[in-house]
Amino acid sequence: MTSTPTSEPVQNSWNQSLLIWTINSEQQFDLFNQAWLLFTNSTLEQNLNDGWQQFIHPNDLNGFLKSCRDAFAARAAFQCEYRLKRSDGQYRWFQCHAELRPSVSNEFSGYIATSIDLLRQDQQIESTRNIEKHLEGLLNCSYHGVWDWIDLKSKEQWWSPRFYELIGYQNQEIDSSMATLKLLLHPDDVDHTFQAIEDALIKNTRFDLEYRLRIKGGAYHWFRGYASVLRDESGQAIRMTGSMTDIQRRVQAEEELNYSRQEANQAKADKNNFLAMMNHEIRTPLTAILGFSEMILESAQDPFTQTSAETIHINGEYLLDTVNNFLDLSKIEEGRFDLELLECSPNTVIENVRTLMSRKAELKQLKLNVAFEQELPETIKSDPIRLKQILSNILGLVIKITERGNIDLNISSDSNPEGKELLLFKINFENKSLNINHINQLKQLLSSSQLEGHALPDLGGGTGLGLFVSKQLAAILGGQISVYHQPGEASQTSILLSIATGDLRRKNIDQYNSANFIREIKTSKVNYDLLNQNSRILLVEDGIYNQRLIKFLLSKAGAEVKVVEHGQQALDELQKNEMPDEDIGAEYDLILMDIQMPVLDGYTTTRRLRSLGFMKPIVALTANVMPGDREKCIAAGCNEYLSKPIDRRRLISVINRCLQKENKKNLIMQ
């Protein structure tokens, strides 16, 4: 029991009580019970802080303080003996036992200590009982179950009532012993738990362990246990005291979280696998669709055939854009989307977009007008490819939902209230069928963080995927997309796109119309697709239509092409040397290597060729465009990477570059 502070010394009846005092975590003695005050005939104020030291025998004080300091350093219980001055000036020997002070927060909070008069052995047993009752009362207020292994030579222990409560039993309903503990432990936890106890006793390691105990009824619950070891002056363990906390809810929550995380990872893997499969299966035929339709466009003479081929080509591009939008959306959702911010010309981006989208508008008998309303930056710092993608997606949707007349794209520059420079694109179009519900669909799509539930079927815009991805890309580029609608007879609708420009250089340009500024791009049918040298190329491709297309393009560009269907045929072909000392594949200048093929895939084939000494260029030709696919091709030994569908100009450009590098290398080696 603790005392109520008093300003007057109390009368001598010390022999009726046990001396108890406490030390906080700052090593300050902050509480003395009534027995201490009676024995020393002092007030509480006279003992606080360092005042109590006046009652300790001078020869014992340093040893007492050292015991305290050592215990604080080890966070362990301790005991010592000292002489305490009685009110009549005589000193009496006391034995002190100090235990860790219970803490609800499980943090070290100091000690609670008891002192027994060694000259009054007849009162020691009763005093011990009082100590146990006092500590038990304190421990019952704790959330932790406490155990005390008082005699390490015995298997018996003391378990607090809370300890029993945690495992579902009444106080002392079962024996408190090491044998009982072993029976309660989960079979998988017995060995390492007892090993941890042994290490704490012998090796002085910290006992901090999670284990399972069988509670009443047979179920196992998770607990976390801590313990400290009391040692004598020689360092020998003489007592072990510990506590445990029920962590079952935390473990269950962690297991549920891990399960949810595994499910999410599996769902993510399934989604990526599906995207990779869908991407490959769509890109492969698109190579033939886009390639042959482009060839027909170049060679057809009658308008009907040209229009039909152009329709096929444009819809193939729409399909390709949809696949690319799905891949971009997946990257954005996973935080793996990379931008390449470059110094670029907005005029060039706008010119390319206008040329591309004008063709699509003309098929619906619409006219796309582009106008610059004011001074425009000569250069901006942005990602030109993504800016083109955003504008193409928005204009593609507008072309779909515009009934007749003109589509006006007006470009200007401005700054927001924070002073950030912006490039503004305002797209105006007319559709008298648009109502407030349609506009709300657009606005909801642009304000949502999820695509699901925001399709645009009433607007002919399908899933709204392109617009949703464009919104995400615009935000990444420091801008936004918004919709404005003016109902009435004209029924004008505007989509406003803003993009941050970064550091820019302005060019003084008068107001002008696109007709005066943007030059018409005339596609050439011959000058951009010729190889710079005569070459023999091995095409390794299993798709028959892609074989025909690529062989036609390369043959037209001036190459001699040999086609094989898979990697094993390629190895056989390249090892058919005419001369015994001839290098492998000596008759070929370059290999175009598909990646997914039967019998032997492109990765394995490339690695085998490199191991056999084939050092000439190998260009990967694949529909695999997921993150990391390019790196896998290069790691396998490819010099370059081309994705399907094949871009004719890029194909010829990459081959020319590879052959030029090979020629320079051969000149150096000569």
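Points 7 angstrom from Cα along the Cβ direction at VAL104 and ARG359: gap in nanometres?
7.4 nm
Taking amide hydrogens as modeled 1.01 Å from N in the peptide plane, which residues meet the under 5 Å criterion relative to GLU81, leaving out close sequence neighbours?
Here CYS96 satisfy the definition.
For region 362-439, go through all pairs of different Cα atoms, get the mean of 1/r, take its inverse, and jot down that Kirkwood value in Å. Walk me through the numbers on the way to the answer.
Working: mean 1/r = 0.0696 Å⁻¹.
Answer for region 362-439: a Kirkwood hydrodynamic radius of 14.4 Å.
Any chance you could list P(r) for region 231-275, counting all Cα-Cα pairs in 5 angstrom bins from zero, rounded to whole %?
The distribution over region 231-275 is 5, 16, 11, 9, 8, 8, 8, 8, 7, 6, 5, 4, 3, 1, given as percents.
First measure r as the distance between the Cβ atoms of GLN195 and ALA264, then evaluate 1/(1 + (r/R0)^6) with R0 = 41 Å and state the FRET efficiency to the nearest 0.05. Mind showing how you got there, number by number?
Details: r = 36 Å, r/R0 = 0.89.
Efficiency computed from Cβ-Cβ geometry: 0.65.
Counting helices only, and only those DSSP H runs with n ≥ 4, report the 222 nm mean residue ellipticity of the chain as the sum of -39,500 (n - 2.57) divided by its residues, in deg cm²/dmol to the nearest 500.
-13500 deg cm²/dmol
Tell me, what ³J(HN,Hα) does each residue in region 246-263 have, in order and in whole Hz, if you take phi through Karplus 6.51 cos²θ - 1.76 cosθ + 1.60 with θ = phi - 60° and put x for Gly and Pro?
6, 10, 4, 5, 5, 5, 4, 5, 5, 5, 5, 5, 5, 5, 5, 5, 5, 4
How much of the accessible area of the chain, probe 1.4 Å, is carbon plus sulfur, in whole percent?
49 percent
If I take all pairs of Cα atoms in region 562-670, what percentage of them are more than 24 Å from each other?
23 percent
Quick check: pseudo-label points 7 Å beyond the Cα along Cα→Cβ at PHE552 and LEU257, how many nm apart are they?
In this crude spin-label approximation the distance works out to 5.9 nm.
At q = 0.22, 0.26 Å⁻¹, what is the log10 ratio I(q)/I(0) for region 344-402, with the Debye formula run over Cα points and no solvent?
Once normalised to I(0) and log-transformed, intensities are -0.90, -1.11.
How big is the Cα convex hull of region 588-629 in projection, averaged over all directions, in nm²? Intermediate results must be reported in sequence, preceding the final value.
Numbers: hull surface 13.4 nm².
Convex hull of Cα atoms, orientation-averaged projection: 3.4 nm².
Distances over 20 Å make up what percent of all Cα-Cα pairs in region 525-604? Can you show the working numbers first?
Details: 1160 of 3160 pairs.
Of all Cα-Cα pairs in region 525-604, 37 percent lie more than 20 Å apart.
Could you provide, to the nearest whole Å², the per residue accessible area of the chain with probe 1.4 Å? Let's see the in-between values first.
On the way: 34700 Å² over 670 residues.
Here the per-residue accessible area is 52 Å².
Note the full-extension length gain between ARG607 and ARG650 as 0.36 nm times their separation in residues minus their Cα-Cα distance, in nm to one decimal.
Contour length minus the Cα-Cα distance gives 13.0 nm.
Can you compute the modelled spin-label distance between GLU334 and LYS664, with each label point 7 Å from Cα toward Cβ, in nm?
Distance between the two pseudo-spin positions: 3.5 nm.
Per q in 0.10, 0.13, 0.19, 0.22 1/Å, what log10 I(q)/I(0) does a Debye calculation on the alpha-carbon atoms of region 289-419 return?
Cα-only, vacuum Debye calculation for region 289-419: -0.42, -0.70, -1.24, -1.36.
With N residues in the chain, what two-decimal value do you get for its Cα radius of gyration over 2.2 N^0.38 Å?
For the chain, the normalised Cα radius of gyration comes out at 1.62.
Any aspartates and glutamates with Cα under 14 Å of the LYS271 Cα? List them, leaving off those in the same chain fewer than 8 positions away.
GLU263, ASP328, GLU333, GLU334
Multiply the residue gap between GLU281 and ALA219 by 0.36 nm, knock off their C-alpha separation, and tell me the result in nm, one decimal place.
Here the answer is 17.1 nm.
Multiply the residue separation of GLU173 and LYS367 by 0.36 nm, subtract the distance between their alpha-carbon atoms, and state the gained length in nm to one decimal.
60.8 nm
Out of all DSSP beta bridges in the chain, what portion is antiparallel? Express it as a percent rounded to 5.
Looking only at bridges with both residues in the chain, the antiparallel portion is about 80 percent.
The values are calculated or read from the model by the stated rules, or taken from the named source; none is laboratory data. Because the structure is predicted, anything quoted here is derived from the model rather than measured. When we count neighbours, we look across all protein chains shown, and the Cβ atoms used for this are built from the backbone with ideal geometry, even at glycine. Side chains are part of the model used for accessible areas, which takes the heavy atoms of the whole protein and leaves out ligands, DNA and RNA. Shrake-Rupley method; radii C 1.70, N 1.55, O 1.52, S 1.80 Å.
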